[in-house]
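The values are calculated or read from the model by the stated rules, or taken from the named source; none is laboratory data. Since the structure is predicted, the reported quantities are computational estimates derived from the model, not experimental observations. Here the Cβ positions follow ideal geometry from the backbone for every residue, glycine too, while neighbour counts run over all protein chains shown. Only protein heavy atoms, including side chains, enter the accessible area calculation; ligands, DNA and RNA are left aside. Shrake-Rupley method; radii C 1.70, N 1.55, O 1.52, S 1.80 Å.
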Amino acid sequence: MMIRRSADAIREIKSRLSLVELAGRYVELRRNGTRWVAPCPFHQETKPSFSINEEEGFFYCFGCQASGDLFDFYGRINGLDFRESLEQLAEETGVALDMQQSFGETQKTSNRSRLLRIQELAAAHFASCLSEKTEGAECRHYIAERGLSDEIIRFFHLGWSPRTWQSLTESLRRAGFQDDLGIEAGVLSRNKESGRVYDRFRGRLMFPIRNLSGSVIAFGGRIIRNEDDAKYVNTGDTPLYKKGDNLYGLQQARQSIGRRNSVMLTEGYMDVLTLHQFGYTQAVGVLGTAFTPEQVKRISGFTSQAELLFDGDGAGRKAAYRACEMLLSRGLNCKVILFPEGEDIDSLLRKSGTQTFEKLRSQATDGLTFCIRTLQNMAPRDAVDRVHAFLDQVAIPELTSRFATRFSQELGLSEADLRRGLHSGSEEPEPLSRQTSAAATRSGFDREILMFAVRYPDALPRLQDIGARTCLVSSEARDFWDHLALASKSDLPDCLSEQEKAFWFRCRTGNVPPLTNEDGEFQAVSSLLQKRDIDQQTASISRALRSGGGSFSSDLEYLKALRDALAQRKTDSSAQTPSASNNEN
């Protein structure tokens, strides 16, 4: 949901909590000159590529290009959007928020609050029905058969949806909510023919799904006896919930994942509950959908290590391969634990205990090896296609080289062939310096001008006076210039696009010289602009001479102008100051 950022609140939060203090809770920082560095918490690595510019309050990773400020870091590492990050950091620092919203935004906020209230009422209703002496008896009997403890029932707020058609419908009506809002929340349904509203979940063990803020946003419901109905019914996409964006149990497991620096990823609700009951409190579930990039992003905010728990049949192996591919390509490390045929997490732990499970864990295959073994069992042509598909989605360039080498060695393929035709593989927005590289190469100026403008935003009028804006070649570069010119210094980089922000952070937080040589760097840019003018003049004169048709006297004037231009270029070339950007990696 779009909101207006409260600039005063943002500045106040940053004055009370530094990025170094916040990041230090998650990574071990060490000072390196004017910056703090550490291995990046957002991708798999051991080198200190993660850098914090303490004075500016920005971070940048040279490996995965993650960048931003205090709020970007907190949101990324906790899987939160900006609003959630702002609200939580405001609460931590004791800063009051005053979010001014348009009428439309206010309506959306009000509607979201009502939907969240309906979800909480539904969760309370289902929990109450489970505890009812008569109404919840059959579900309590099923839970006892499955061996779930009272502690797990309470911790995950399990419930029971009665077999009647309008139990929750009537409950929401008594609370003053219209049926249409319950339908929008995904807990009620309407018969298309009769128009009658009824409970979406009936006769099911209920699993509330919570977001990272702890609010109920959806439900899963499981049948408890053999009947002609789907085993699971889940909330569809709503304004609060999109299945592929969430993981079951992540809110409950987040602290354990952080402590153990690892997550267990499984498929079902019951698997998550059983793992937690047996002490594996870092377990989460994929909510009955194919593993998605958004779920990888959620996980990567807490850890770069994942254990994949899947059935050992063909479907389980296929799901494990796809999960490995997505995790590895985005810089996470993973292992695959496949269960013996006929066994699953629940049956194995309850029959054989943790000792057998620990043995399986000790024999787990690392994700890349698992992928290679899977590919070795494919036809060569299919294997090559799968390797290309794998490498093409790798988000970190240095990993592409590592993976390509391993695939070529293990599968007997040409590494050059594997690399040929690959895309960048990154789903992250590229820095402006890369997006405009073609135009910058043609002109030699876009990147130099914009780097100076970012490093010394107060000097933008000086650049304007020497005609820098008119020299920019690409439309992206001109748009970026305009954003810099319109925004106040205190609002930057919040007013920039994601691509522009990445370029901003790289220029100020990356491996660049200290901001102590404004005049020298300005002179370098000025010399480049002068060289451009002279080159253009020389080219224009040369074209005029080649075209012929002029008088002898006019040709002499052209030659004189060309001589002067060449002399000026030689003089300027000998005196030119090296550009600051030459020091950038």
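The Rg/Rh ratio for segment 147-278, using Cα coordinates for both the radius of gyration and the Kirkwood hydrodynamic radius, is 0.99. A simple spin-label model places pseudo-atoms 7 Å from Cα toward Cβ; at S18 and E193 they are separated by 7.0 nm. Count Lys and Arg as plus one, Asp and Glu as minus one, and take only other residues whose Cβ is under 12 Å from that of A123; the net charge is then +1.
For segment 132-216, the share of accessible area belonging to carbon and sulfur comes to 46 percent (1.4 Å probe, ligands and nucleic acids excluded). Each label was represented as a point 7 Å from its Cα along the Cα-to-Cβ direction; for A7 and N226 these points are 6.9 nm apart. Among the trypsin sites (Lys or Arg not before Pro) found in segment 175-264, those both in a DSSP coil and sparsely packed, with 16 or fewer other Cβ atoms within 10 Å of their Cβ, are K192, R196, R225, K231, K242. With Cα atoms defining each centre, segment 378-416 and segment 183-220 are spaced 43 Å apart in the structure. Here the extension length gained between T354 and D179 equals 58.3 nm, from 0.36 nm per residue of separation less the Cα-Cα distance.
Summing Lys and Arg as +1 and Asp and Glu as -1 over all other residues whose Cβ lies under 10 Å from the Cβ of R455 gives a net charge of -1.
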